[in-house]
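The values are calculated or read from the model by the stated rules, or taken from the named source; none is laboratory data. Source: prediction; values computed, not measured. Neighbour counts run over all protein chains shown; Cβ positions are idealised from the backbone, glycine included. The protein model used for the area step is the full one, side chains on, heavy atoms only, and it has no ligands, DNA or RNA in it. Shrake-Rupley method; radii C 1.70, N 1.55, O 1.52, S 1.80 Å.
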Amino acid sequence: RASTMVATIKGLFTAENFNSDIVSFLNKSNSVIRDMNLGNLFMAMLIAKIDGNEVTLSSAGMPPALIYRSKNKTVEEFRLQALPLGGTDDFQYSEKNTSFGPGDTLLLMSDGFPELFNAQKEILDYDRAKEIFGSVAELSPNKIVDKLCGEADTWQGGANQEDDITFVVVKVKEN
């Protein structure tokens with residue numbers, strides 16, 4: 001059943017003219033999935049559309065996107081609370097827009113990192129994930145991912161991993 005969901009979304013990406021806005025894409029995807037009557041099968045997704053130094057974000061049940069602002073060394077949280085795809089018929093997705101400056105870094109992640117448990121059954125949590133990202137955000141994208149994975153391993157301390165962990169890092173080049 002999960003592979004049906006992935007194939008459906010891939011088909012929609014292929015069939016849709018993606019010059020359209022991402023909110024329309026999520027609304028249509030939600031409707032198509034609901035019409036398939038898959039029962040209690042849902043899909044979380046976050047879309048980031050980058051055009052020059054502008055980014056538009058829309059989410060279907062994903063954790064907030066984090067943006068490290070190089071100029072003032074802070075991390076901004078872009079939270080778009082929304083239901084996963086396949087939820088209610090009448091849900092309307094939304095979007096947020098922002099711009100990047102030189103050295104800014106965007107982190108998109110699955111919930112597997114902030115919701116990671118250690119051996120004592122303590123959760124890493126979103127605030128700690130944001131803090132960890134801020135401490136490594138000036139590195140290259142590959143090193144950021146390596147550091148985040150290392151922090152996950154350290155936190156986990158041998159406990160079983162119960163969810164996938166996915167990172168996407170986009171860094172704006174300095175002039």
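Looking for whichever is in contact with a Phe, Trp or Tyr (Cβ under 6 Å, 6 or more places away or on another chain) and either among the β-branched types (V, I, T) or surrounded by 13 or more Cβ atoms within 10 Å (Cβ to Cβ) (or both) here; the options are P63, P114, P141. Which one fits? Break it down stepwise before answering.
Values: P63 fails: in contact with a Phe, Trp or Tyr (Cβ under 6 Å, 6 or more places away or on another chain); P141 fails: in contact with a Phe, Trp or Tyr (Cβ under 6 Å, 6 or more places away or on another chain).
Just one listed residue meets the conditions, P114.
The set of residues in the range 19-53 being over 14 Å from the mean Cα position of the chain (by Cα), of a type in the set (D, E, K, R) and closer than 13 Å to E95 by Cα consists of D21 alone.
The number of residues in the range 126-151 being more than 16 Å from D104 (Cβ to Cβ) and touching a helix residue (DSSP H, G or I) at 6+ places or on another chain (Cβ under 6 Å) comes to 3. Of everything in the range 15-44 that is modelled with pLDDT of 85 or more, open to solvent by 70 Å² or more (accessible area, probe 1.4 Å) and assigned to a helix (DSSP H, G or I), the residue that is nearest to D164 (Cα to Cα) is R34.
Taking the residues in the range 66-99 that are aromatic (F, W, Y) and more than 24 Å from L139 (Cα to Cα) as candidates, determine which candidate is most open to solvent (accessible area, probe 1.4 Å).
Going through the range 66-99, the residues aromatic (F, W, Y) turn out to be 68, 78, 91, 93.
Keeping just the survivors that are more than 24 Å from L139 (Cα to Cα) gives 91, 93.
On the way: F91: 53, Y93: 13 Å².
Applying the filter and picking the extreme gives F91.
Taking each residue of the range 86-109 that is more than 20 Å from V23 (Cα to Cα) and looking for partners that are in a loop (DSSP other than H, G, I, E, B) and of a type in the set (S, T, Y) with beta-carbon atoms closer than 6 Å, six or more apart or interchain, yields G103/S70; D104/S70.
Mind counting the residues in the range 117-138 that are assigned to a loop (DSSP other than H, G, I, E, B) and open to solvent by less than 60 Å² (accessible area, probe 1.4 Å)?
In the first step, residues of the range 117-138 are kept if they are assigned to a loop (DSSP other than H, G, I, E, B); the result is 118-122, 124-125, 137-138.
Still in the running and open to solvent by less than 60 Å² (accessible area, probe 1.4 Å): 118, 124-125, 137.
Within the range 117-138, residues that are assigned to a loop (DSSP other than H, G, I, E, B) and open to solvent by less than 60 Å² (accessible area, probe 1.4 Å) number 4.
Quick one: would you say T8 is among the β-branched types (V, I, T), closer than 30 Å to E174 by Cβ, touching a helix residue (DSSP H, G or I) at 6+ places or on another chain (Cβ under 7 Å) and not in a loop (DSSP other than H, G, I, E, B)? When the stated conditions are applied, T8 does not pass them.
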